[in-house]
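Q: I have a structure here, written as structure tokens, and I will follow up with some questions on it.
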Amino acid sequence: MWTQLLPFVLYLVLLLYLGLKARRKNAGEEEFLLSGRSLSIPAFTATLVTTWYGGILGIGEFVYNNGVSVWIVFGLPYYIFAFLFAVFLAPKIRKANTFSIPDMLYQTFDRKAGLLGSFFLLLMTSPAPYILMLAVLLQQIFNLSFWISVLLGTFFSAVYVFWGGFRSVVQTDKLQFLLMFGGFILLLVFLTQSPFSLSQLPERLDNAHKSLSGGLPWQQIVVWFLIASWTFIDPGFHQRCAAARTPQTARRGIFISIGFWFIFDMLTMVTGLYAFVLFPQIDPLTIYPELARHFLPPVLQGLFLTGLFAVIMSSIDSFSFLSAITFGRDLVWRWQPKTDINRWVRIGLVLTALISILFIFALPSVIKMWYNLGSLFIPPLLLPLTAAYFPKIQLQTKSAFYLMSTSFVVSLCWFLWGQLHRKAGVPVYPLGLEPFFPGLLWSGFLYGMMKLKNKRIIKPSGF
């Protein structure tokens, strides 16, 4: 037991030391929220890679159930959208000198659009899925009660952010980057040496786990693929681009991050497939700890488990901070400009923790949280926000709020209908369409109609 506990305790001590050491006394808004816009390429890459990969147990669950299709669902689409983000948006975000996504909505459109976008993002950036994963891990390894694990995980992932802000997030992410890669490389090395080699793995898999669809319906695959467009409206991407030293730093940092994501995807997929072959009757959420327990020596087992904690906690601190910024700056400060932003961001950290606990109580499933949040909030935000960075395709000021609100209502009504009409526990949606599609289709249709109407209004004035 001590071999598991000692590396974890040392990790927590080092994490708190680095996080609290990064604190700047009397930090201003730009320093506290964006680390003074000084991120270098290594710092940018480390913090982006770790934050974007916090769902490690959820990934393990998906690999175990659906095989190599995990790369089609959680790998390839994210590389594509991240690449597009780097090419078209990253430099524009850095040049805009904004602090957050709602900042852009407030500046480009109006107060109502900014307020609605802030509300959506407050829910989207909830760290609830990652706190749930951390609680499951703490519960399994240290035999703690579930809710004690939730409270401990939340506290240790956010306490240093409370004092040090974004600079603390970046400094601790560097440590977590090393641990997450080091742990999985160690696990893969030991797995390939025993009980069978990597080249023998494919022949031990069934057809479903070798299939690119993984047995999933085509609609779910398409929805999961399009959910990767979350990248365009992800506050973490926007925050890190805004905090980069230069526009070129932001763009190159994303390109490098894509390479590291690919490497880590391969590590998690291959080790997850080993678990499917070796342990056909275990809880899919626990495959990585089980592999470590059976195949790693005691000390390395503790180191690997610490790496798992690092992957998850790096996302909890980042998403907690993003959600707190949305509350403290984009909601409270926008309505009371004389308030102390840093103080209200810290209050937002506490509020974020409470909202996350409510989410976990209502929907204790990581995959379902990701799927439902993406289905509800991507359709209303994707087009207005992306177009905001390109003046030629922007919406008119008063149009954005209407498009955002109605698109959300369409997705929400579709979602609620499915929840109220279930067969064998599975939601049955109108026309067989997942909620993501009607919301996005309505958003696209309305956007096209608004742009067409605007052209018709403008055209006569040219004569």
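Q: Hey, among the residues in the range 372-429 that are among the polar types (S, T, N, Q) and closer than 18 Å to Ile227 by Cβ, which one's modelled with the lowest pLDDT?
A: Going through the qualifying residues, I end up with Asn372.
Q: Which of the residues spanning the range 161-201 are of a type in the set (Gly, Ala, Ser), in a helix (DSSP H, G or I) and in contact with a Phe, Trp or Tyr (Cβ under 9 Å, 6 or more places away or on another chain)?
A: Correct list: Gly164, Gly165, Ser168, Gly182, Gly183.
Q: So, one more: For the range 94-104, check the following and say yes or no: at least one residue is of a type in the set (Asp, Glu), farther than 25 Å from Val161 by Cβ and surrounded by fewer than 23 Cβ atoms within 10 Å (Cβ to Cβ). It would help to see each step written out before you state the result.
A: Filtering the range 94-104 down to residues of a type in the set (Asp, Glu) leaves 103.
Still in the running and farther than 25 Å from Val161 by Cβ: none.
No: the range 94-104 contains no residue that is of a type in the set (Asp, Glu), farther than 25 Å from Val161 by Cβ and surrounded by fewer than 23 Cβ atoms within 10 Å (Cβ to Cβ).
Q: I need the full set of residues from the range 292-319 which are part of a helix (DSSP H, G or I), more than 20 Å from the chain's Cα centre (by Cα) and either under 20 Å from Phe264 (Cα atoms) or of a type in the set (Asp, Glu) (or both), in order please.
A: Selection gives Ala292, Phe295, Leu300, Gln301, Gly302, Leu303, Phe304, Leu305, Thr306.
Q: Out of Phe196, Phe156, Phe162, report the one residue that is surrounded by fewer than 24 Cβ atoms within 10 Å (Cβ to Cβ) and without any contact (Cβ under 8 Å) to a residue 40 or more places away in the chain.
A: Within the list Phe196, Phe156, Phe162, the selection yields Phe196.
Q: Which pairs turn up if I take residues in the range 208-223 that are among the basic types (Lys, Arg) and look for partners that are exposed (fewer than 15 other Cβ atoms within 10 Å of the Cβ) with beta carbon separation below 8 Å, at least 6 apart in sequence or on another chain?
A: Filtered contacts from the range 208-223: Lys210/Pro202.
Q: Against the definition (β-branched (Val, Ile, Thr), under 27 Å from Phe8 (Cβ atoms) and free of Cβ contacts under 8 Å to residues at least 60 places away in the same chain), how does Val409 come out, yes or no?
A: On the way: β-branched (Val, Ile, Thr): yes; under 27 Å from Phe8 (Cβ atoms): no; free of Cβ contacts under 8 Å to residues at least 60 places away in the same chain: yes.
In short, no.
Q: Look through the range 106-121, keep the residues that are aliphatic (A, V, I, L, M) and closer than 18 Å to Gln336 by Cα, and return whichever of them is surrounded by the fewest Cβ atoms within 10 Å (Cβ to Cβ).
A: Just the residues of the range 106-121 that are aliphatic (A, V, I, L, M), to begin with: 113, 115-116, 121.
Restricting the remaining residues to those that are closer than 18 Å to Gln336 by Cα gives 113, 115-116.
Working: Ala113: 27, Leu115: 18, Leu116: 21.
Only one residue tops the list, namely Leu115.
Q: Let me ask another. Take the residues of the range 277-291 that are among the β-branched types (Val, Ile, Thr) and assigned to a helix (DSSP H, G or I): which is farthest from Leu175 (Cα to Cα)?
A: For the range 277-291, the residue satisfying everything is Val277.
Q: Please enumerate the residues belonging to the range 338-378 that are among the aromatic types (Phe, Trp, Tyr) and more than 15 Å from the chain's Cα centre (by Cα).
A: Matches in the range 338-378: Trp344, Phe359, Phe361.
The values are calculated or read from the model by the stated rules, or taken from the named source; none is laboratory data. A quick note: this is a predicted structure, and the numbers were derived from the prediction, not measured. No Cβ is skipped: glycine too gets one built from the backbone with ideal geometry, and neighbour counts run over all protein chains shown.
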